[in-house]
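Colleague: The structure is given below, and queries will be raised subsequently.
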Amino acid sequence: MKKHIPNFITLLNLFCGSIAVVFAVEDNLFMAAVFVILGILFDFFDGLAARLLNVKSELGLQLDSLADMVTSGVVPGIVMFKMLEKSTADFPVLLNAGSNWNTANSFSFMPLLGFLITLSSCYRLAKFNLDARQIDSFIGLPTPANTLFILSLPLILMTNDIAWVNDLILNKWFLIGLTLVSCYMLNAEIPLFSLKMKSFSFKENALKYFFLLFSAIIIVLLQYIAIPLIIILYVIVSIITNLRK
């Protein structure tokens, strides 16, 4: 019976991701973010449960990637689509309706670039399942970290009153550039440490505990603006740690 516990937790990740898709499509990006965060928490605990119960399996590995594809692949693609859609409201590309251009049904193709994140996430997850190097660490930015970065953008807009920050986030060229950087980082050959723990030993997980503590403090101080800063710091700390080895 215990062998099914991690898989059930993984399916809870998928369930949360599916709900997040609905909210994202309906333009309720706050609730989409809430369910993505719940899904990512389940994604963290399914692997921990599998290790503690010693029931790791190939089925669990495949389920994990399939669930992540929705929660951390489809959802951030939709969110970036929505963000680009808002930023390009003054940049329509009209669809030809019969013999006349129909401005009432105008549609901008630029927001579709947001789904490059979905494609890159899918490619990364497929590579992850085949890459024997990514047992205790990651090569390239993990899809949950990338998703948190993307979902932090609408959250910052909803809660922040710093004009230049909001203008930057709603700048279509910034969003396109961020999309391309996101796609690169997901599949870059850059070693990054994993926050998943085989045990709760402080000695073995000192860096992870300090990073989590710092992240909690900066979130309290800066709220949603802290999220992209934490992801950037995560990459920098990983690079410095690898250089010191």
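The values are calculated or read from the model by the stated rules, or taken from the named source; none is laboratory data. Because the structure is predicted, anything quoted here is derived from the model rather than measured. Backbone-built Cβ (ideal geometry, glycine too); neighbour counts: all protein chains shown. Please note that ligands, DNA and RNA were not included when accessible areas were found on the heavy atoms of the full protein model with its side chains. Shrake-Rupley method; radii C 1.70, N 1.55, O 1.52, S 1.80 Å.
Colleague: Using the Cα gyration tensor of segment 1-40, with a ≥ b ≥ c the square roots of its eigenvalues, what is the shape: rounded (a/c below 1.5), prolate (a/b larger than b/c) or oblate (neither)? Display every interim value, and only then the final one.
Modeller: On the way: a/c = 6.10, a/b = 3.10, b/c = 1.97.
Prolate, because a/c is 1.5 or more and a/b exceeds b/c.
Colleague: For residue 45, tell me the accessible area in Å² from a 1.4 Å probe, rounded to the nearest 10.
Modeller: In the full protein context, residue 45 sits at about 100 Å².
Colleague: Suppose a student asked you for the relative contact order of the chain, using Cα pairs under 8 Å spaced at least 6 residues apart; what percent would you report? Spell out each step's value before the answer.
Modeller: Working: 314 pairs, mean separation 48.4, N = 245.
Once normalised by length, the contact order is 20 percent.
Colleague: Holding the Cα-Cα limit at 27 Å, pick out from 3/203; 56/127; 172/196 the pairs that are longer than that. Don't skip to the answer; put the middle values down first.
Modeller: Working: 3/203 29 Å; 56/127 19 Å; 172/196 35 Å.
Result: 3/203; 172/196 exceed 27 Å.
Colleague: Assign one of three labels to segment 134-245, namely rounded, prolate or oblate, based on the Cα gyration tensor with a ≥ b ≥ c the square roots of its eigenvalues; rounded applies when a/c is under 1.5, prolate when it is not and a/b is larger than b/c, and oblate otherwise. Don't skip to the answer; put the middle values down first.
Modeller: Values: a/c = 2.58, a/b = 1.50, b/c = 1.72.
Oblate, because a/c is 1.5 or more while a/b does not exceed b/c.
Colleague: Which of 112, 12, 175 moves most in a GNM of the chain, Cα contacts under 10 Å?
Modeller: Of the options given, 112 has the highest mean-square fluctuation.
Colleague: Taking the Cα centre of the chain as the origin and placing charges on Cβ (Lys, Arg +1; Asp, Glu -1), which of 144, 118, 87 is farthest toward the positive end of the dipole?
Modeller: 144
Colleague: Can you list which of the DSSP-assigned H helices in the chain have a Cα extent of 27 Å or more along the long axis and an average Kyte-Doolittle score of at least 0.5?
Modeller: The qualifying helices are 5-25, 29-53.
Colleague: Rg(Cα) of the chain divided by 2.2 N^0.38 Å?
Modeller: Details: Rg = 19.2 Å, N = 245, 2.2 N^0.38 = 17.8 Å.
Expressed relative to 2.2 N^0.38 Å, the Cα Rg reads 1.08.
Colleague: Shape call for segment 32-78 from the C-alpha gyration tensor, a ≥ b ≥ c root eigenvalues: rounded (a/c under 1.5), prolate (a/b greater than b/c) or oblate?
Modeller: Note, shape of segment 32-78 comes out oblate.
Colleague: With a 1.4 Å probe and every protein chain kept in, tell me what percent of the accessible surface of the chain is carbon plus sulfur.
Modeller: Numbers: 9510 of 13300 Å².
Answer for the chain: carbon and sulfur cover 72 percent of the accessible area.
Colleague: Mind ordering 231-238, 160-167, 51-58 by average Cβ neighbours within 10 Å, highest first?
Modeller: Values: 231-238: 15.9, 160-167: 10.4, 51-58: 12.5.
So the peptides 231-238, 160-167, 51-58, ranked by packing, come out 231-238, 51-58, 160-167.
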